[in-house]
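The values are calculated or read from the model by the stated rules, or taken from the named source; none is laboratory data. The structure presented is a predicted model; accordingly, all values stated were derived computationally and were not measured. No Cβ is skipped: glycine too gets one built from the backbone with ideal geometry, and neighbour counts run over all protein chains shown. For accessibility, only protein heavy atoms count, side chains too; no ligands or nucleic acids. Shrake-Rupley method; radii C 1.70, N 1.55, O 1.52, S 1.80 Å.
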Amino acid sequence: QVQLVESGGSVVQAGDSLRLSCTASVLTFTNYNMAWFRQAPGKERDFVAASSRGGTSTYYAESVKGRFTISRDYARNTVYLQMNILKAEGSAVYYCAAHRRITPTTTSDDYSYWGQGTQVTVSS
């Protein structure tokens, strides 16, 4: 069974940076596409970023392009989300997700495994 554990959420000010981590309890990390989603109160869960199984391809929501970076550490089975120039609208619970499809996707229904989420609050 795959378990994903996120960490790094915090309360920050607009313009600050923050790095989220997600560690996967899997035997072969390279078998999984990894992604980050976020959900604000009363809103749907939205795609943020994704990384292909080998890490060679990355995908971003338009709203975070140029500010957020997804990366993977295969020695630690960990995926990161570096968030720079945070905005108040970025306040949400951030979720790590994984699936074993051929390529990453941006649709939450495609992901089989989810972490418990980590809260990010950006004050303006």
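Quick rundown of the values:
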| read-out | value |
| --- | --- |
| Residue that is farthest from Y111 (Cα to Cα), among those in region 25-52 that are in a strand (DSSP E or B) and open to solvent by 10 Å² or more (accessible area, probe 1.4 Å) | Q39 |
| Selected residue [in contact (Cβ under 8 Å) with a residue 24 or more places away in the chain, loosely packed, with under 13 Cβ neighbours inside 10 Å and either closer than 14 Å to C22 by Cβ or small (G, A, S) (or both)] from R72, R76 | R76 |
| Region 83-124: number of residues that are part of a loop (DSSP other than H, G, I, E, B) and in contact (Cβ under 8 Å) with a residue 40 or more places away in the chain | 18 |
